[in-house]
Amino acid sequence: MWYYAARRILMSIPIALGVSIICYALVLLAPGDPIQSLLPPDASPEDIVYLKKLYGFDKPIPIQYLLWLQRAVTGDLGISLQTNRPVVVEVFGALSNTFVISIGAVLLAFTLAFVLGTLAAYHLGKPTDRAVTTAAVVGVSIPNYWLGIVLVIIFAVKLGVLPATGMGSQGSAKFSIFEWEQLKYAILPMLTMALVPLGIIMRTTRSAVAEVLNNDFVQMLRAKGLGPFAILRHAVRNALPQVLTVMGLQLGYLVGGSILVETIFTWPGTGFLMSKAILTRDVPLLQGSILVLAMTFVTINLVVDLLQTAVDPRIKRV
């Protein structure tokens, strides 16, 4: 187990290196000059040269990348061109806000999906199964940004029971999920982000549990006189590794793919931060955000692999 964990961590190093190369190259290949956004239209050539030298844009791109990578390994992701603050402070502050709605969406989607998917598998072909399957298809098909707009219209504009945007009157500095006046700002983003993983995990759980229920050992358990709940418990445990894999991927997508949802609700997370960095051509902030989100995704996959081994010892990791 420990050998496998160490090997996976070592394997993540070339993955991280490849991700860093891609994110650095793609950002620099985008049209426009990031220095121009910092200068007035009548800036002199001397000012442009000075700023390029100050931020390191005067060097060849391979040298820029190696210097950036050297700093990134030590935790220095550079300075934001717009706020003049360290990128690592900006990114991790926004990442903590993203985790607020991501964890809420995870708890809602994963719990409901696992329960409903298991019920659908146990009542395969019956009205319960058809209802859950229909709900799963709807959840996968509806774009989350469209759902977010609809929820704003219903609950914020028409009913006026929930706020449409923001993170509370005091912002993220004093946000607390244990206070209703703060929590109500996170409800609509959570519901919006929970829909797609809810549908995907419901379908995965239904298929995995139904497959296990058709195995010969389940028939043997029934022949021994075990009750429905005991049989279902055995089936769920055997299907759990497959479901965990999908849950881990969906958690990574929730954290890294929240840019549209956070932009709609003006939620100051990593997605909203990246959208601002794209619009303002803040290259260091954009590169740092992408790198941190990619490393978060790699870490989640590693944790899921280790959890699979802990849940089902039959999965041998060497």
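Go through region 255-278 and count every residue that is modelled with pLDDT under 80 and under 20 Å from GLY166 (Cβ atoms).
Residues that pass the stated criteria total 2.
Go through (1) among the polar types (S, T, N, Q); (2) over 22 Å from ILE154 (Cβ atoms); (3) at pLDDT below 85 for THR205 and report which single condition fails.
Of everything listed in (1) among the polar types (S, T, N, Q); (2) over 22 Å from ILE154 (Cβ atoms); (3) at pLDDT below 85, THR205 misses just condition (3).
Run down ILE177, ILE187, ILE231, ILE200 and say which single residue is aliphatic (A, V, I, L, M), in the same structural domain as GLY139 (by TED's automatic domain parsing) and in a loop (DSSP other than H, G, I, E, B).
Values: ILE187 fails: in a loop (DSSP other than H, G, I, E, B); ILE231 fails: in a loop (DSSP other than H, G, I, E, B); ILE200 fails: in a loop (DSSP other than H, G, I, E, B).
Testing whether each residue is aliphatic (A, V, I, L, M), in the same structural domain as GLY139 (by TED's automatic domain parsing) and in a loop (DSSP other than H, G, I, E, B) leaves just ILE177.
Which pairs have Cβ atoms under 7 Å, sit 6 or more apart or on different chains, and link a residue in region 120-148 that is touching a residue at least 40 places away in the same chain (Cβ under 8 Å) to one that is of a type in the set (Asp, Glu)?
Listed by first residue and then by second, the contacts come to ALA120/ASP129.
Here's the yes/no breakdown for (1) in contact with a helix residue (DSSP H, G or I) (Cβ under 8 Å, 6 or more places away or on another chain); (2) modelled with pLDDT of 85 or more; (3) charged (D, E, K, R); (4) crowded, with 23+ Cβ neighbours inside 10 Å:
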residue: GLU90; (1), (2), (3), (4): yes, yes, yes, yes
residue: THR98; (1), (2), (3), (4): yes, yes, no, yes
residue: LEU108; (1), (2), (3), (4): yes, yes, no, no
residue: LEU112; (1), (2), (3), (4): yes, yes, no, no
residue: VAL115; (1), (2), (3), (4): no, yes, no, no
residue: ARG130; (1), (2), (3), (4): no, yes, yes, no
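Considering region 52-88 alone, what residues qualify as being touching a Ser or Thr at 6+ places or on another chain (Cβ under 9 Å) and among the β-branched types (Val, Ile, Thr)?
VAL87
Look at region 203-251 and say how many of its residues are of a type in the set (A, V, I, L, M) and touching a Leu at 6+ places or on another chain (Cβ under 7 Å).
Our first condition is that a residue be of a type in the set (A, V, I, L, M); within region 203-251, this holds for 208-210, 212-213, 218, 220-221, 223, 226, 230-232, 235-236, 239-240, 243-244, 246-247, 249, 251.
From what is left, the residues that are touching a Leu at 6+ places or on another chain (Cβ under 7 Å) are 210, 231, 235, 244.
The number of residues fulfilling the criteria is 4.
Restricting to helices (runs of 4 or more DSSP H) lying wholly in region 41-157: which have 1 or more residues that are over 30 Å from ALA186 (Cα atoms) and not assigned by TED's automatic domain parsing to the domain that holds LEU232?
Numbers: elements: 45-55, 61-73, 87-122, 127-141, 144-151.
The helices (runs of 4 or more DSSP H) meeting that bar are 45-55, 61-73.
Taking the condition of being farther than 13 Å from ARG8 by Cβ, assigned to a helix (DSSP H, G or I) and either basic (Lys, Arg) or modelled with pLDDT under 80 (or both), how many residues in region 284-318 meet it? If you could, list the steps in order and put the result at the bottom.
Of region 284-318, the ones farther than 13 Å from ARG8 by Cβ are 284-297, 310-316.
Next, only the ones that are assigned to a helix (DSSP H, G or I) stay: 284-297, 310-311.
Of the ones still in play, those that are also either basic (Lys, Arg) or modelled with pLDDT under 80 (or both) are 310-311.
Residues in region 284-318 being farther than 13 Å from ARG8 by Cβ, assigned to a helix (DSSP H, G or I) and either basic (Lys, Arg) or modelled with pLDDT under 80 (or both): 2 in total.
Conditions tested, residue by residue: (1) without any contact (Cβ under 8 Å) to a residue 60 or more places away in the chain; (2) surrounded by 14 or more Cβ atoms within 10 Å (Cβ to Cβ); (3) out of contact with any Gly (no Cβ under 9 Å at 6 or more places or on another chain).
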| site | (1), (2), (3) |
| --- | --- |
| LYS52 | yes, yes, yes |
| PRO62 | yes, no, yes |
| ASP76 | yes, yes, yes |
| PRO86 | yes, yes, no |
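THR204: out of contact with any helix residue (DSSP H, G or I) (no Cβ under 6 Å at 6 or more places or on another chain) and over 30 Å from VAL87 (Cβ atoms), yes or no? Can you show your working first?
Numbers: out of contact with any helix residue (DSSP H, G or I) (no Cβ under 6 Å at 6 or more places or on another chain): no; over 30 Å from VAL87 (Cβ atoms): yes.
It is false that THR204 is out of contact with any helix residue (DSSP H, G or I) (no Cβ under 6 Å at 6 or more places or on another chain) and over 30 Å from VAL87 (Cβ atoms).
Have a look at ALA223, ALA210, ALA230 and point out the one that is of a type in the set (Gly, Ala, Ser) and touching a residue at least 40 places away in the same chain (Cβ under 8 Å).
ALA210
The values are calculated or read from the model by the stated rules, or taken from the named source; none is laboratory data. Every value quoted in this text rests on a predicted model; they were computed, and no experiment measured them. Every residue, glycine as well, gets a Cβ built from its backbone with ideal geometry; the counts of neighbours run over all protein chains shown.
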